[in-house]
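J.: My questions will all concern the structure given below.
Where a number appears in this text, it was derived from the coordinates with a stated rule and is not lab data. All values derive from a computational prediction rather than experimental measurement. Virtual Cβ from ideal backbone geometry, glycine too; neighbours counted across all protein chains shown.
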Amino acid sequence: MKILIFVQDVGLGGVLRQTSLLADGLGRKGHEVSVLGLAERDRNWRYVWNSGVELSVLYTKPSSGAPGRAARLIRTALALRSRVKKEKVDVLYALQGDVVKFISWLATRGTEVRLVWGRRGSGNRTGPYYSHWKRSVVFRLCDWASGSVPLAIANSEAGARQER
């Protein structure tokens, strides 16, 4: 089975570590796995990526302004759809980040690709991070789209209890 793991931020931290362990474990079970990062948070990730699985990053610079971000979101969804089709991916696992979840949802609409969303974290989604309009829009879009996502995998009991 071909599996593409999609994460929002590539940088030092637990997500990168968990992603490398997951990718290696799936590879050892005979799956063909690749990892795609939306954005490079810092370049030091290369020093801790401890996996034989390929990790590629789409963007190394942030987009500027709301129109630029919206255009990038659409371009990225189209590029991801093309990649998934070209590589004959069976499962697209949006492991981390609301932007990645929404892009993956857009990219897999009307395809045979099985979409999986990761539910990470235990905090409620009402703090300052989610009250910022840019993040709130994507969060609300994910909330709206979540009903059509066939599988969500939580990394904790608290994550599993989240509303969406």
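J.: Once the piece of chain linking E87 and S56 is laid out straight, how much longer is it, given 0.36 nm per residue of separation minus the C-alpha distance between them?
T.: Length gained, E87 through S56: 9.7 nm.
J.: What pairs in K61/K86; K29/K88; K2/K85 have C-alpha atoms more than 21 Å from each other?
T.: Table pairs above 21 Å Cα-Cα are K61/K86.
J.: Taking the mean number of other Cβ atoms within 10 Å as a proxy for protection, how do you rank 91-100, 48-57 from highest to lowest?
T.: For the peptides 91-100, 48-57, the packing ranking is 91-100, 48-57.
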